[in-house]
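Let me begin by presenting the structure, written as structure tokens, before commenting on it.
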Amino acid sequence: MDDWKAKLSGLLADNPDLPAGDDLPAQDTPAEKPAKLPRLDIILDRKRAGKTATIIAGFPDDADLKEIAQRLKQRLGAGGSARGGEILIQGDRRNDAARILADMGYKSRLI
């Protein structure tokens, strides 16, 4: 067992650029966890002139609602809007919206 220790100490003596055991550079600390995202409610609404709409509510005030709505509308291939802290998607797209929001890191529940 002492054989490898002797070889290692010989390598350290020959190469002054190598750090000794205690001179190792400090490792980066892990990044802080991102802020916890709220759970969103996905609701089916049938009160809009007889047409169905999927409403996603529960976004925090600092969320970029228009960007999230744009992404959802593009991936779903549907129209919609974002106002008043809610996103409205045309049609019954609750399950699809929940899947896309999960990919974005949001937790949601269907109501």
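The values are calculated or read from the model by the stated rules, or taken from the named source; none is laboratory data. Since the model is a prediction, treat every value here as computed from it, not as a measurement. Cβ sites come from the backbone with ideal geometry, for glycine too, and all protein chains shown count toward neighbours. Note: accessible area is taken over every heavy atom of the protein model, side chains too, but ligands, DNA and RNA are not part of it. Shrake-Rupley method; radii C 1.70, N 1.55, O 1.52, S 1.80 Å.
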Given the conditions (1) at pLDDT 75 or above; (2) open to solvent by 60 Å² or more (accessible area, probe 1.4 Å); (3) not small (Gly, Ala, Ser), every one holds for residue 68 apart from (2)
Subset tally (residues that are assigned to a helix (DSSP H, G or I) and either surrounded by fewer than 19 Cβ atoms within 10 Å (Cβ to Cβ) or modelled with pLDDT of 95 or more (or both)) for segment 101-111: 2
Residue 85 modelled with pLDDT under 95 and open to solvent by less than 40 Å² (accessible area, probe 1.4 Å): yes
Total residues in segment 54-80, condition part of a strand (DSSP E or B) and either touching a residue at least 60 places away in the same chain (Cβ under 8 Å) or touching a helix residue (DSSP H, G or I) at 6+ places or on another chain (Cβ under 7 Å) (or both): 3
